[in-house]
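Asker: This is the structure I want to talk about, given as structure tokens.
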Amino acid sequence: MRTKNLFVNRYFWVFLISSIVIVSVFTPIGIILRKRKTPIIIKSNEDFLKYDLPGTGTEIDPYRIENRRMIINDFVAIMISNISKFVLIQNNQINSKSNERGIVLGVSIPGLIEIRNNIFENCLEAIHCIRTYECVIKNNIFKNGKYGIGAFSFNYANDHLNFLIQNNTFINIENEEIGLLGAVGTIIKDNTCSFNTSEMQEYDKAYERPVGFLIYNLNGTVIRNNTLAYKGIELIDSDPMNYHSAEVVSNIVRGKEVGYFLNLNGSNFDENLYSQLFLINCTNILVKNQTSNFTGIGVCMVNCSNSAIQDSDFRYNGYAGIYISESNFITVNNNYFDSNYRGLRTLNSFNITVSNNSFNNGRYGCEFVNSTYILLINTFSGNEVDIRDVD
């Protein structure tokens, strides 16, 4: 899977870093900050003593990395791993001159880290977490960086990150504002993402445009009351049952609500009310007259049957215009696809009828993975691969 491979590769190498040099010069507003010319690198409980941090490392009196101004010149500003003390990172301003990381965490004991009221600017990745659990990230500002918050576990299928990511503001982040591989139990709420489209980088392929939230492993995940002005939400799980336990409500993408519906029977979606549609365990559904552009996934059907998607328009989606998983007897008819990574993707789905559609300028026009299908009178133009069939 293209997106997952990029995601894993981006997060794997960082723990190979053995030496880091940072020069800190920074000026926030309203807080008296201390300058620091070297990074804060904590690899054990004993390292806290080297930095003369306030606090005692308990839950009620955590060690505090606070009121600092840093301009990153090399790799990272703050790195913490292999500790058993509580840490609060607050009221700092971290600016990168050369697209480096802000905070890197590798803390396997749950609930030790809280990051709040910081400003990150021009970072390659503002917050990067590997095997870190129950981390709280709230009330921060992320500006003009490549990536915002990223977290993953090597055992992402079974581990529970259980993060709280709340009330953060993302401004002009080029790629994912939030990317989680192993998001089980995580709460993502009240975050705001804005983007000046005139500053968006050029991509070799139109379908390479990123999403705002890239979330894998949905079991118990809550995504509520977030606003993404320009990019969409990509929700992927290899276990279809995990879509049932996710709570996805009151999110706005590109000015329209993200529709997330479970257990419907006989419903019609024939008005263009939603930026994205996720239909879970639904039957006898008609989806038509939809427009879904720049959202990652336009329409997603999981565990659905006897339903149709027709007369709709899907463009510039980085995962798929239409994604059908673990579903049966689905008709995809008379839709227009342009510049999606995949126009249509099916996974473990059977009796899929694809007729009278136009697939254009994508990486794949159609991709069928362990699925049975019928193709009737479709047109393909400008795709790198028109039809991909994977057993």
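The values are calculated or read from the model by the stated rules, or taken from the named source; none is laboratory data. Bear in mind the structure is a predicted one, so any value in this text is a computation, not a measurement. All Cβ positions, even for glycine, are placed from backbone atoms using ideal geometry, and neighbour counts span all protein chains on display.
Asker: Can you name every residue in the stretch 179-199 that is farther than 15 Å from ILE252 by Cα and either part of a loop (DSSP other than H, G, I, E, B) or touching a residue at least 12 places away in the same chain (Cβ under 8 Å) (or both)?
Answerer: Residues satisfying the conditions are GLY179, LEU180, LEU181, GLY182, ALA183, VAL184, GLY185, THR186, ILE187, ASN196, THR197, GLU199.
Asker: Take the stretch 205-240 and flag every residue that is among the hydrophobic types (A, V, I, L, M, F, W, C), farther than 22 Å from ASN361 by Cα, in a loop (DSSP other than H, G, I, E, B) and touching a residue at least 40 places away in the same chain (Cβ under 8 Å).
Answerer: none
Asker: With respect to ASN99, is the statement that it is closer than 25 Å to LYS50 by Cβ, of a type outside the set (Phe, Trp, Tyr) and surrounded by fewer than 23 Cβ atoms within 10 Å (Cβ to Cβ) true?
Answerer: No: the conditions fail for ASN99.
Asker: Here is a follow-up. Which of the strands (runs of 3 or more DSSP E) found entirely inside the stretch 299-361 contain at least 2 residues meeting this: of a type in the set (Gly, Ala, Ser)?
Answerer: Where strands (runs of 3 or more DSSP E) fall fully within the stretch 299-361 and carry at least 2 residues being of a type in the set (Gly, Ala, Ser), they are 305-310, 320-325.
Asker: Show me the strands (runs of 3 or more DSSP E) entirely contained within the stretch 55-146 in which 3 or more residues are not polar (S, T, N, Q).
Answerer: Passing ranges, in order: 63-66, 68-72, 78-81, 87-90, 101-106, 113-116, 119-121, 125-130, 136-138, 141-143.
Asker: Go through SER275, SER267, SER238 for me and flag whichever is surrounded by fewer than 18 Cβ atoms within 10 Å (Cβ to Cβ), within 27 Å of PHE163 (Cβ to Cβ) and among the small types (Gly, Ala, Ser).
Answerer: Of the residues listed, the single one that is surrounded by fewer than 18 Cβ atoms within 10 Å (Cβ to Cβ), within 27 Å of PHE163 (Cβ to Cβ) and among the small types (Gly, Ala, Ser) is SER238.
Asker: So for the stretch 263-275 (the condition being of a type in the set (A, V, I, L, M, F, W, C) and within 16 Å of the chain's Cα centre (by Cα)), does at least one residue qualify?
Answerer: Of all residues in the stretch 263-275, those of a type in the set (A, V, I, L, M, F, W, C) come to 264, 269, 273.
Next, only the ones that are within 16 Å of the chain's Cα centre (by Cα) stay: none.
No: zero hits.
Asker: Let me ask another. Quick check, is SER349 crowded, with 24+ Cβ neighbours inside 10 Å, in contact with an Asp or Glu (Cβ under 7 Å, 6 or more places away or on another chain) and polar (S, T, N, Q)?
Answerer: When the stated conditions are applied, SER349 passes them.
Asker: If you don't mind, there's one more thing I want to ask. Considering only the stretch 60-74, state which residues are surrounded by fewer than 19 Cβ atoms within 10 Å (Cβ to Cβ) and in contact (Cβ under 8 Å) with a residue 40 or more places away in the chain.
Answerer: Selection gives ASN73, ASP74.
Conditions tested, residue by residue: (1) under 15 Å from VAL136 (Cα atoms); (2) buried (at least 18 other Cβ atoms within 10 Å of the Cβ); (3) of a type in the set (Ser, Thr, Tyr); (4) modelled with pLDDT of 95 or more.
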residue	(1), (2), (3), (4)
ALA157	no, no, no, no
LEU161	yes, yes, no, no
ILE165	yes, yes, no, yes
PHE170	no, yes, no, yes
GLU177	no, yes, no, yes
GLY182	no, yes, no, no
ILE187	yes, yes, no, yes
THR192	no, no, yes, yes
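Asker: Additional query: As an exercise: evaluate ILE252 against (1) surrounded by fewer than 24 Cβ atoms within 10 Å (Cβ to Cβ); (2) touching a helix residue (DSSP H, G or I) at 6+ places or on another chain (Cβ under 8 Å) and give the number of the one condition it does not meet.
Answerer: (2)
Asker: Scan the stretch 315-329 for residues that are closer than 20 Å to VAL369 by Cα and surrounded by fewer than 24 Cβ atoms within 10 Å (Cβ to Cβ) and report the count.
Answerer: 4
Asker: Same structure, new question: Give me the pairs: first residue in the stretch 95-113 and farther than 10 Å from MET79 by Cβ, second residue among the aromatic types (Phe, Trp, Tyr) and outside any strand (DSSP E or B), beta-carbon distance under 6 Å, and six or more apart or on different chains, which are they?
Answerer: Here the result reads ASN95/PHE26; GLU100/PHE75; PRO110/TYR133; LEU112/PHE86, each pair linking the stretch 95-113 to a residue that is among the aromatic types (Phe, Trp, Tyr) and outside any strand (DSSP E or B).
Asker: Just to be sure I understand the filter: pairs with C-beta atoms under 6 Å, separated by 6 or more residues or on different chains, first member in the stretch 314-328 and farther than 12 Å from ASN360 by Cα, second member outside any strand (DSSP E or B) and hydrophobic (A, V, I, L, M, F, W, C). Which pairs pass?
Answerer: GLY318/VAL211; SER327/CYS304
Conditions tested, residue by residue: (1) surrounded by fewer than 23 Cβ atoms within 10 Å (Cβ to Cβ); (2) modelled with pLDDT of 95 or more.
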site	(1), (2)
LEU286	yes, yes
ASN293	yes, no
GLY296	no, no
ASN306	yes, yes
GLN310	yes, yes
ASP313	yes, yes
